Amino acid sequence: MIQDLVVHGTFIVYAVLMLMTVGLILTWVERKQSAVMSDRIGANRAYLRIPFTQVKLVWWGLFHGLADGLKMLLKEDWKPNSYDRVAYALAPWFAFVPVLAVFAVIPFGGEFVPGTFFGWFEGPSEFFGDRSYSMQVAPLDAGLLVVFALGGIAVIGAMLAGWSSNNKFSLLGAVRAGSQMISYELVVGLTVIGLILIYGTVNLVSIVDQQSELLFGFLPAWGIFLQPFAAILFLVAAQAENQRIPFDLPEAESELIAGYFTEYSAMKMGLFMFAEFIHIAIIAALFTTLFLGGYNLPYMNDAGLLLPGNIEVALPHVVVVLLQVTTFWVKVFLMCGFLILVRWSLPRFRYDQLLRFAWRFLLPLALINLLVTAIAVWALRGVGS
Amino acid sequence: MSADLLERLRARLVDEGREAAFAHGLLAVQIPREALLDTAKLLKEGFGFDLFLDVTAVDWPDRDPRFDVVYHFYSTRDHVRVRLKTAVTGTDPVVDTLVPLFGAAAYMERECHEMLGIGFRGNDDLRPILLYEGFEGHPLRKDYPKEREQPLVRYRE
Amino acid sequence: MNAGDQKDGAFEYLTTRKDELVGWARKFSLFPYPFVTACCAMEFMSVSSTMYDTDRFGAALPRFSPRQSDLLMVVGTITHKQAPVLRRVYEQMCEPKWVMAFGVCATSGGFYQNYAALQGIDKIIPVDVYIPGCPPRPESVIDGIMQLQEKIAGSSHPIVSDRF
Amino acid sequence: MTVRNTSDNLPNPVRPAFDTPSTEDGVIVNIGPSHPATHGTLQIIAELNGERVVRADVHCGYLHRGFEKECEAHTWHTLIPFVDRLNYCSALINNFAYCDAVETLMDVEITPRTRYLRTLLSEYSRIADHMTCIAASVMELGAMTAFLYLMTIRDWIYEHLADLTGARVTYSYGRIGGLAHDLPEGWLERLEEILDEYEEYIGRIHGLMDRNRIFIDRTRDVGVISTEQAVHWGFTGPILRSTGAARDLRRDTPYLAYSELDFEVPVGINGDNYDRYYVRMREMDESVHMIRQLMHMLPKGPINVDDRRCTFPEKHRVYTEIESLINHFKLVIDGPQVPAGEVYRAHEAANGELGFYLVSDGTGTPHRVHVRAPSFVHMGGLHKLLEGYQLADVVSTFGTMNMIGGECDR
């Protein structure tokens, strides 16, 4: 029992730390990537001086994110005069926490057997015995549903913020956020149902497991190959839920100043912004899990490599775990890079066009996709199998 | 063609007893202020001067009708300009508005009103446009000192 | 500094370390509020885009909400009509805040010595950095930003004060 | 240190035309003057019904710097720098329009080289101006990268002009009866290079924007105005041309060297934002075409007319001849003696008809200078383009109107 606590505690700490770090790094990636895209240099001045020396670490401006965070912590925390105090204070947390919590159900690695992992240390090995864990914070059977449940809460943050700020622009932003997130949540949900039909489960671990197999003997059975349309629709809708250009209407800078968080200062604003970056990571992680085979390296499963032609190469457990975790984060980062690329290339929609896009274009496509998938699954497997 | 048009216009206006002459490439017409609206209508409807370019005034502090109100019109069909000038006195600097004829006149009359104090009869929206509420005087009149400020915000110190 | 503030060595050391840390964070994270009005806007556009790129200094994430910005860049002529707006924006900004007078018009009214132009924004709000030029070249703007960064790094940053 | 809680005492500089919504669920929103999309100098008080703009009340004047009053205190020559700061995106066009007006009044004919050079520089400025306009309007639609591409090429143009005039934005390069000085060595060669670069960068913008579905959706059928309405509201320049009317002063009333050039007048179809964007893009191409012709047509010769009423004598003669010395002093202290009279000269500036109405009383100082500024007239009809569209369209419409504060408010 105590072993479970230790392992899951470690997972929680690891997940939160990783997400924070990824969020921080993403702020830097966004700056640098946009700079590269427009032939600029980007942030490169913030340094860390190693104490008691004059050695300054610049590292391509990586520490600008730290400076931003620290500055926001130390900025005056302003409160509007007439406002709903509780709602105003809670709103950033409503935006931030659900996004963070979504990660709990995402598996970031395969089977983890601590006893084997620490094989060459006597103590841990005996302590853990032969228990095995799947690498995720909360191994829930209804993982995918939890994702949507939590995703639905995030909109409350935006709505509360806009409503309690006593500012017309904030209110407009909140209204936009509400209708936008609800519309696109629906599309996201519908695109994923196709996958559920194919995999027959909403357990994310099992979904990822099934993606480690091969199609036709050579193609990894990733969601993106099984459901290419769903993958594209999911990506579009997820970008919209993340409220980034071209879907950043709730905070459209040139229209609504800063949208629903116009009146927020200091770290409360920081939380909104940070939530946005973590949201990118979460979307990338979800996309990776659902469509890119999760932590699976192609031609690899929990036992080792499985090359085309049924050649099996066994790998030590340590290597497998490390490879899986690395693969997961590499995929996530590549996806983040892609999302940022989109954000810096396109102009933004107009409010009514955005909704029309969701209801008249994405939703029918998602339904057609679902229908075709259902027919295909029925034809291939037969009813009731 | 355009010279022909201007000649016809000049002849028509001279017939009505106006002064009209060519100067620096356009026809300049001096009219009494009562005739302004009619002349503008004639220009627009009879001769195709459909683009209202400009209205402004010139302050001649030592002259008896103190202000000249100056209009410029352009014909987008014939590519010629015409200038109307009417003199108004300093005690009663009011002319008729041209807003019913040209939408563009609305803003320019507001500007002319606040800058030189010319009134436009019939234009009921003469709020300040370049200046602000509470500004006293008309800065483009020659008797307004150039450096007389009327700050809205109390200065520091 | 009054007598009650006499500090011993260790405390003073900690205070300077704290100032250094806070100053470091604040100087590399200057979110500007571009209060852009006139000709200098052209140079402001240049200085924040590819060729000159103020992002290098961590000063290129414009926040158009005064609550979220640290640096009020007053770019261009401020007229008497504009003055209440500028003053209000300044008051809406959250501490700590800095003001940059970008160009001679913001600094002193420039060559508009007449009834309409405010003769320098320091008549209504305090200014930290003045950048001369009509409009200033981007290089002098960058110099201004760096001088402001030095000023921030070199000043003390009280964490607990009456306002904050 | 900070002064707080005085906000309520600050006076409101404008009086809105309406302060109660016309319907139950209307909301009145104040946009600007310090709003990211209004360039800091415009205030739009809009009544919204949902996201739809029901009424709009446009206020400008936040950049009224007393240009016309200032002119009356300067000589004809020394007010050239003020003229620069009218439309600061294309300062050279203002310069030349003003100089042209004074020259007309003085009956001075400029030298052929100056005539061609002014034409060339006007077109060059027009490119920079349209570029700024397009960059700003696409940035407001969220397309940062397109904005930065345009800024890069504009920076090269600025540096190139700084090479010629000594300033990046406000050049003060025109002189009554000529120009400040001749082209520096190698300037035309660099110009050729920049035009080539321009074509590459503009190709990227075409690729990013022209057929971009989102961009088209945001701009097509938004801010539509018909030709009749546009003329009624006094619109000129690219905005009038976007409605389909090929009205261009360069073609209609040729000035400078335009009658000798081969160029087209691009027009739009609908008079919407996309047309305004595209007309500007096409006009830049036409300008490049004109510059290429002018580079070959540019004759040799002096740039200043040999007229002692306006042209400064050469320096070595000032130091050696008493007549030239006195001439120099008279020109500096009293200014050029412009014969009494009045003149209206209009040039096709980047935004439309830029007219200078000058009244001289025969001295070295103007009696009255009035500018017919296209932006100001456009702002007078702006509400027509906003009403009935969405709040988000305010941004894109206003962006393509290219309101320049200095010119609008003077």
Inset, instruction - List every residue pair whose Cβ atoms lie under 6 Å apart, where the two residues are 6 or more positions apart in sequence or sit on different chains, the first residue falls within the range A:1-28 and is farther than 18 Å from A:MET135 by Cα, and the second residue, located anywhere, is outside any helix (DSSP H, G or I). - result: A:TRP28/A:LEU62
Legend entry - Those residues of the range C:42-92 which are farther than 17 Å from D:PRO33 by Cβ and of a type in the set (A, V, I, L, M, F, W, C), in sequence order: C:MET42, C:MET45, C:VAL47, C:MET51, C:PHE57, C:ALA59, C:ALA60, C:LEU61, C:LEU71
Inset, instruction - Look at the range D:82-123 and say how many of its residues are closer than 15 Å to D:TYR171 by Cα and assigned to a loop (DSSP other than H, G, I, E, B). - result: 6
Legend entry - Which listed residue is touching a Gly at 6+ places or on another chain (Cβ under 6 Å), within 14 Å of chain A (Cβ to nearest Cβ), closer than 27 Å to A:MET269 by Cα and small (Gly, Ala, Ser), from C:SER49, C:SER65, C:SER69, C:SER29: C:SER29
Inset, instruction - For A:GLY115, indicate whether it is touching a Gly at 6+ places or on another chain (Cβ under 9 Å) and either within 14 Å of chain C (Cβ to nearest Cβ) or within 30 Å of C:ARG67 (Cβ to Cβ) (or both). - result: no
Legend entry - Members of the range D:69-101 that are open to solvent by 10 Å² or more (accessible area, probe 1.4 Å) and either among the charged types (D, E, K, R) or at pLDDT below 85 (or both): D:LYS69, D:GLU72, D:ARG85, D:ASP100
Legend entry - Within the range D:207-230, tally of residues that are touching a helix residue (DSSP H, G or I) at 6+ places or on another chain (Cβ under 7 Å) and part of a helix (DSSP H, G or I): 9
Inset, instruction - Report yes if some residue within the range D:349-363 is away from every other protein chain (no Cβ under 11 Å), under 18 Å from D:THR311 (Cα atoms) and either out of contact with any Leu (no Cβ under 6 Å at 6 or more places or on another chain) or part of a strand (DSSP E or B) (or both); otherwise report no. - result: yes
Inset, instruction - Would you mind telling me which numbered condition in (1) farther than 20 Å from D:HIS59 by Cα; (2) touching a helix residue (DSSP H, G or I) at 6+ places or on another chain (Cβ under 7 Å) B:LEU130 fails? - result: (1)
Inset, instruction - Quick one: count up the residues across the range D:266-294 that are closer than 19 Å to D:GLU200 by Cβ, in contact with a helix residue (DSSP H, G or I) (Cβ under 6 Å, 6 or more places away or on another chain) and open to solvent by 20 Å² or more (accessible area, probe 1.4 Å). - result: 0
Legend entry - Positions within the range C:87-105 being more than 15 Å from C:ALA41 (Cβ to Cβ), away from chain A (no Cβ under 11 Å) and hydrophobic (A, V, I, L, M, F, W, C), in sequence order: C:VAL89, C:TRP98, C:VAL99
Legend entry - Subset of the range B:95-106 [in contact with a helix residue (DSSP H, G or I) (Cβ under 8 Å, 6 or more places away or on another chain) and open to solvent by 20 Å² or more (accessible area, probe 1.4 Å)]: B:ASP96, B:VAL99, B:ALA106
Inset, instruction - Taking A:ILE282 as meeting all but one of (1) assigned to a helix (DSSP H, G or I); (2) out of contact with any Ser or Thr (no Cβ under 7 Å at 6 or more places or on another chain); (3) surrounded by fewer than 21 Cβ atoms within 10 Å (Cβ to Cβ), write down the number of the exception. - result: (3)
Inset, instruction - Kindly state which strands (runs of 3 or more DSSP E) lie completely within the range C:1-118 and contain at least 3 residues that are buried (at least 23 other Cβ atoms within 10 Å of the Cβ), in contact with a strand residue (DSSP E or B) (Cβ under 8 Å, 6 or more places away or on another chain) and hydrophobic (A, V, I, L, M, F, W, C). - result: C:71-75, C:98-102
Inset, instruction - Tell me, yes or no, whether the range B:131-138 has at least one residue that is surrounded by fewer than 21 Cβ atoms within 10 Å (Cβ to Cβ) and in contact with a Leu (Cβ under 6 Å, 6 or more places away or on another chain). - result: yes
Legend entry - the range A:39-73, residues that are free of Cβ contacts under 8 Å to residues at least 12 places away in the same chain and either open to solvent by less than 50 Å² (accessible area, probe 1.4 Å) or over 26 Å from D:LEU148 (Cα atoms) (or both): A:ARG40, A:ARG49, A:ILE50, A:PRO51, A:PHE52, A:THR53, A:GLN54, A:VAL55, A:LYS56, A:LEU57, A:LEU70, A:LYS71
Inset, instruction - Hand me the list of helices (runs of 4 or more DSSP H) wholly inside the range A:140-242 holding 1 or more residues that are within 30 Å of A:TYR351 (Cα to Cα) and among the small types (Gly, Ala, Ser). - result: A:143-164, A:168-199, A:228-241
Inset, instruction - Tell me which residues, restricted to the range A:213-234, are open to solvent by less than 30 Å² (accessible area, probe 1.4 Å) and under 16 Å from A:LEU286 (Cα atoms). - result: A:GLY223, A:GLN227, A:ALA230, A:ALA231, A:LEU233, A:PHE234
Inset, instruction - Filter the range D:215-231 for residues that are out of contact with any Ser or Thr (no Cβ under 9 Å at 6 or more places or on another chain) and touching a residue at least 40 places away in the same chain (Cβ under 8 Å) and give the result. - result: D:PHE215, D:ILE216, D:ARG220, D:ASP221
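The values are calculated or read from the model by the stated rules, or taken from the named source; none is laboratory data. Keep in mind the model is a prediction, meaning the values are calculated, not measured. Every residue, glycine among them, receives a Cβ derived from its backbone with ideal geometry; neighbour counts consider all protein chains shown. What goes into the accessible areas is simple: the full protein's heavy atoms, side chains included, and nothing from ligands, DNA or RNA. Shrake-Rupley method; radii C 1.70, N 1.55, O 1.52, S 1.80 Å.
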